[in-house]
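Chemist: Take this structure first; my questions come after.
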Amino acid sequence: MLKVGLTGGIASGKSVVGEMFGALGVHLIRADQVAHELMQAGQPVYEEVVRQFGSTILNPDGSVNRPRLAEAAFGSPDRGKSSRIDELNRIVHPAVIARQEAWMAEVGRLDSRAIAMVEAALILEAGAAQRFDRMVVVTCRDEQRARRFAERAGIDLESAQREVQRRMAAQLPDEEKCKAADYVIDNSGSLDATEKQVREVHARLRAEAEGRQ
């Protein structure tokens, strides 16, 4: 089995790229989705996050309000709030990684020729690159990030630019991510252009996975 990390900066389009790999038969798990599941009421991660960040991050029904948690974690310098993202990551990352490792082990047990891909924003920042055989980085132009984030979050472009800058401050620059990559997919162009790159990378990953048999 071939273990592949898929990462990229905020709003780079890594989820779209992940879907493209999935359509080609790659087994895919998303760290963000795993974290969402672990933050359901009753889960140990949920209890610890609420204990550390307070009940103000909760909705009336007790579920985690993700925008409020993001604000509490990433901080708001204009409001005198410093970043607590490292604190949040220390709570969430170990549980997410444990879930990913169990998932990859199961994929490998079922198919020794499989490609198991983990999509996560902070693989490199967390020093977790060594968990993977290959690393794929998705990149795009900065102005595209803000526009995509604005569309996704339903906010105006100026607000999106501020939010993207705030979150990017907690991530490695694209230049550093690309240096650590085995493959870089430029998602600045059309979806067809991105898909062409995905198919080329997939062919190489598939050949490597087959060669490990």
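Chemist: Looking at Gly22, Gly5 in this structure, which one is of a type outside the set (A, V, I, L, M, F, W, C) and either without any contact (Cβ under 8 Å) to a residue 24 or more places away in the chain or part of a helix (DSSP H, G or I) (or both)?
Modeler: Step by step, each of Gly22, Gly5 is checked, and only Gly22 is of a type outside the set (A, V, I, L, M, F, W, C) and either without any contact (Cβ under 8 Å) to a residue 24 or more places away in the chain or part of a helix (DSSP H, G or I) (or both).
Chemist: Within the stretch 47-66, identify whether any single residue is buried (at least 19 other Cβ atoms within 10 Å of the Cβ), aromatic (Phe, Trp, Tyr) and farther than 24 Å from Gly13 by Cα, and answer yes or no.
Modeler: Within the stretch 47-66 (the criterion being buried (at least 19 other Cβ atoms within 10 Å of the Cβ), aromatic (Phe, Trp, Tyr) and farther than 24 Å from Gly13 by Cα), the answer is yes, since at least one residue qualifies.
Chemist: Do we have any residue at all in the stretch 13-27 that's farther than 26 Å from Gln144 by Cα and buried (at least 18 other Cβ atoms within 10 Å of the Cβ)?
Modeler: Yes, some residue in the stretch 13-27 is farther than 26 Å from Gln144 by Cα and buried (at least 18 other Cβ atoms within 10 Å of the Cβ).
Chemist: Looking only at residues that are at pLDDT below 85 and in a helix (DSSP H, G or I) in the stretch 72-84, which one is farthest from Gln165 (Cα to Cα)?
Modeler: Among residues in the stretch 72-84 that are at pLDDT below 85 and in a helix (DSSP H, G or I), the one farthest from Gln165 (Cα to Cα) is Arg79.
The values are calculated or read from the model by the stated rules, or taken from the named source; none is laboratory data. This structure is a prediction, so every number in the text was calculated from the model and none was measured. Positions of Cβ are generated from backbone atoms using ideal geometry, with glycine treated the same way; all protein chains shown enter the neighbour counts.
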